[in-house]
1. Of the residues that sit in region 195-216 and are open to solvent by 30 Å² or more (accessible area, probe 1.4 Å) and not in a loop (DSSP other than H, G, I, E, B), which one is farthest from GLY351 (Cα to Cα)?
2. Take region 22-37 and flag every residue that is touching a strand residue (DSSP E or B) at 6+ places or on another chain (Cβ under 8 Å) and surrounded by fewer than 19 Cβ atoms within 10 Å (Cβ to Cβ).
3. Being open to solvent by less than 70 Å² (accessible area, probe 1.4 Å), of a type in the set (A, V, I, L, M, F, W, C), touching an Asp or Glu at 6+ places or on another chain (Cβ under 9 Å) and assigned to a loop (DSSP other than H, G, I, E, B), is that true of even one residue in region 168-180?
4. Could you tell me whether region 334-341 includes any residue that is among the aliphatic types (A, V, I, L, M), surrounded by fewer than 23 Cβ atoms within 10 Å (Cβ to Cβ) and in a loop (DSSP other than H, G, I, E, B)?
5. Could you go through region 273-289 and let me know if any residue there is open to solvent by 20 Å² or more (accessible area, probe 1.4 Å), under 25 Å from TYR216 (Cβ atoms) and touching a helix residue (DSSP H, G or I) at 6+ places or on another chain (Cβ under 6 Å).
6. Here are some residues: LYS162, LYS103, LYS154, LYS92. Which one is within 22 Å of the chain's Cα centre (by Cα), open to solvent by 20 Å² or more (accessible area, probe 1.4 Å), farther than 14 Å from GLY71 by Cα and basic (Lys, Arg)?
7. Just to be sure I understand the filter: pairs with C-beta atoms under 9 Å, separated by 6 or more residues or on different chains, first member in region 131-148 and within 24 Å of LEU227 (Cα to Cα) and touching a residue at least 40 places away in the same chain (Cβ under 8 Å), second member among the polar types (S, T, N, Q) and not in a helix (DSSP H, G or I). Which pairs pass?
8. In the set GLU181, GLU185, GLU237, GLU263, which member is acidic (Asp, Glu) and touching a His at 6+ places or on another chain (Cβ under 9 Å)?
Amino acid sequence: MSSGMNRKILLISANVHNIPYPVYPIGISYLKSYLHTHLPDNYDIITHDLNTDNGESLNNLLSGNDFLLVGISLRNFDDSTNVYKENIFVSKYKDVITRIRRKSNAPIVIGGTGFSVFPEILFDELKPDFGIKGEGEESLKQLIAGMSNNTSVKEIEGLVYKDPEGNIQINEHKKYITAPELRFEDKWVDYYWREAGMLNVQTKRGCPYSCIFCSYPLIDGKRVRTLDAVTVVHNIEELYFSKGVSYFFFTDSLFNIHKEYNEELANRLIESKAKINWGAYFSPSDMTFEDLKLYRKSGLLHVEFGSDSLSDSQLENYGKKFHFEDIKQQSEYCSRLNLFYAHYLILAGYGETEKSLNETFEHSKELGFTIFFPYIGMRIYPNTKICEIAINEGIIKSPNELINPVYYISKDIDAEKIRLLALKTGQRWVFADDKPSSFMEQLRKRGRKGLLWEYFRYG
């Protein structure tokens, strides 16, 4: 514990994965913004992004300062959403922690979405002093206060730590903040606007659904909390007028899960003098044509549907609450509004049969001028329904095995034939192991902004 004299906090974004583009470390910005408001003024919150690190800047930062604690945000555990493409980041995170330990005696705290999915496994592997599972703002604030004042921190919600016997303890999250605050790091904005062609903003947290494979409810909880629409639009206006940022991606687990809030946000964007475009993840249900028309007027350009399957039987197996007719209807709405839309699918997952797979391929022909992003097999995450199924079927014995990616692939499907069957539909399919498009790279170099995947539709 600290003597209470040191008031410097270092927050590091450890994510350096940049495919298909680097992602602004918004979690760090939320943390810093909250701490600035809720801690006394004499705390100095310093941030560092490894994506913009020159190899020595972190070492210099650690050598030149004495920190109360060093927080590390792990956005990703891996990029293994597909059996054909695996890239695990644990060893890279270990290297970062080793670098910090060599230069600093400050306690290390890890958190972020990647850590929150595998808190026990990653805590054991990376051996930090503390971890924070799930929403981190208030938990980190309380941890800083406890360390500054030499008081107990073991009751903090979301805290991960070792008890005196060496057992890893994970405190349950019961309360969530209702008004997260956000100020973008000016020193990072230029880099991500140049390299990624967009900035990311969150409008709500939490996911009320129960898809058998999804980790979002484990990270943010099932209760949906909306972020103040005035603040969201203010952040967008600030970036638009100060930096010329004109494309944003809303990083909500699903955008269309709070109709009244979305109406307010869209109307405020329409009234704003910042003329932007935006994209988001959507569920292909619970939207009227008028809803999408309003979003289109507010700047919506790219719709990414988490459809997962185009077979009703398979949608039921996945725990979905919509049907293929809903997917078809929403696609038709997008076509009428000249929106770019794509469907993300999980093929050969739990319950998939040749019949359901063929239904998906046949139905793909009915969805207009779209693009499909298929993933082969279902990535298994701890504490999900598919994890329980995998244990019951003997695919894994324990969630601890999942530190190396494990996939559920239906025994009734020959996964090697999926690509050929997909291409026979005549539709545009982009698999995770396809080579990056040089054309897309050229567009980005020419200054084209936004997601750009609509160009894949042309082959």
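The values are calculated or read from the model by the stated rules, or taken from the named source; none is laboratory data. All of these numbers come straight from a predicted model, not from anything done at the bench. With ideal geometry, Cβ positions are generated from the backbone for all residues, glycine too; neighbour counts draw on all protein chains shown. For the accessible areas, the whole protein counts, side chains as well, though only heavy atoms, and no ligand, DNA or RNA atoms are used. Shrake-Rupley method; radii C 1.70, N 1.55, O 1.52, S 1.80 Å.
1. GLU195
2. HIS36
3. Yes - at least one qualifying residue is present in region 168-180.
4. Yes; the residues of region 334-341 include at least one that is among the aliphatic types (A, V, I, L, M), surrounded by fewer than 23 Cβ atoms within 10 Å (Cβ to Cβ) and in a loop (DSSP other than H, G, I, E, B).
5. no
6. Exactly one of LYS162, LYS103, LYS154, LYS92 is within 22 Å of the chain's Cα centre (by Cα), open to solvent by 20 Å² or more (accessible area, probe 1.4 Å), farther than 14 Å from GLY71 by Cα and basic (Lys, Arg), namely LYS92.
7. LYS133/ASN171; GLY136/SER73
8. GLU181 is the lone residue from the list that is acidic (Asp, Glu) and touching a His at 6+ places or on another chain (Cβ under 9 Å).
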